[in-house]
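Before any comments, here is the structure.
Derivation of every value follows stated rules applied to the coordinates shown; laboratory data play no part. Owing to the predicted nature of the structure, the values given are computational and were not obtained by experimental measurement. Cβ atoms come from the backbone with ideal geometry, glycine included; neighbour counts cover every protein chain shown.
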Amino acid sequence: MQRKDARSGLLMLTAGVLGIATAVWTASAAAIPMRTVHDSKHAITITLPTTWATQSPSGSAALKAIAPSSGPGLPDTVEAVVHLVPASVTTPTACENEAAWVTQHFAHITPVTLSKSPVTIGGVPAYSWTYTWQASTKEHRWSQQVCILRQQTAYVVTGTTGDTLAARAARSPLLVQIIDSLRILTSPKK
């Protein structure tokens, strides 16, 4: 009986600590000055910290946002790719293949999947894929990628940070918040 009480107490303590950590993160995230940016074709917007640099490359790579350096290692990034897909790609779960294509085509990495699931972004059905991988610098990275399909176009947004417990705990919530801010404005202009 004591063992069960100890486990219950540990679970309550863990839930309390997580609740405090979430409240602290929510308060600190609310204090971060944010801005909404769009790609050069005015097809999408995302909201990110004002201190992040942005680029709007050409082609399928629609938007890239880079955090200021937070020490040694690669900075956090959010990248959006917008490309046409076959008419057979019609459901959020069909985005799984599109997300994998984007990852291989643009990053040339070997990901290790942590989770995959349907989600909703801005009220639109989407597909989420979370994975780890190793950069060419040998640094271990964590990424969450979301794919939205609309009118035979895939909108794939990937947020990336270091794959350490501290980096993921401190920075992945902001990346998820940025990804969740994705809004599709129009079909991309050719």
Diffing region 165-173: the Karplus 3J(HN,Hα) column from phi (6.51, -1.76, 1.60, θ = phi - 60°), in whole Hz with x for Gly and Pro, holds 4, 5, 5, 5, 5, 7, 10, 5, x
Shape call for region 139-190 from the C-alpha gyration tensor, a ≥ b ≥ c root eigenvalues: rounded (a/c under 1.5), prolate (a/b greater than b/c) or oblate?
prolate
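What does the charge add up to near residue 124, with Lys and Arg as +1, Asp and Glu as -1, over the other residues with Cβ less than 14 Å from its Cβ? Intermediate values should be presented prior to the final figure.
Values: positive: 150, 183; negative: 180.
Neighbour charge sum, excluding residue 124 itself: +1.
In a shell of Cβ-Cβ distance under 15 Å around residue 177, excluding residue 177 itself, what net charge do Lys and Arg (+1) and Asp and Glu (-1) give?
Details: positive: 35, 168, 171, 183; negative: 76, 180.
Here the count lands on +2.
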Would you mind putting 143-152, 68-77, 122-131 in packing order, based on average other-beta-carbon counts within 10 Å, highest first?
143-152, 122-131, 68-77
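Which number comes out as Rg/Rh for region 34-184 once both Rg and the Kirkwood Rh are worked out on C-alpha atoms?
On the way: Rg = 14.4 Å, Rh = 15.4 Å.
We get a ratio of 0.93 for region 34-184.
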The long-range amide H neighbours of residue 63, using H built 1.01 Å from N in the peptide plane and a cut-off of under 5 Å, are 80
I want to make sure I understand the PRE zone here: with the label point 7 angstrom from the Cα of residue 114 toward its beta carbon, which residues in region 129-173 have backbone N atoms less than 12 Å away?
129-133, 141-145, 159-173
Here region 79-90 yields Karplus 3J(HN,Hα) values (6.51, -1.76, 1.60; θ = phi - 60°; whole Hz; Gly and Pro given as x) of 10, 10, 10, 10, 8, 6, 10, x, 4, 6, 8, 10
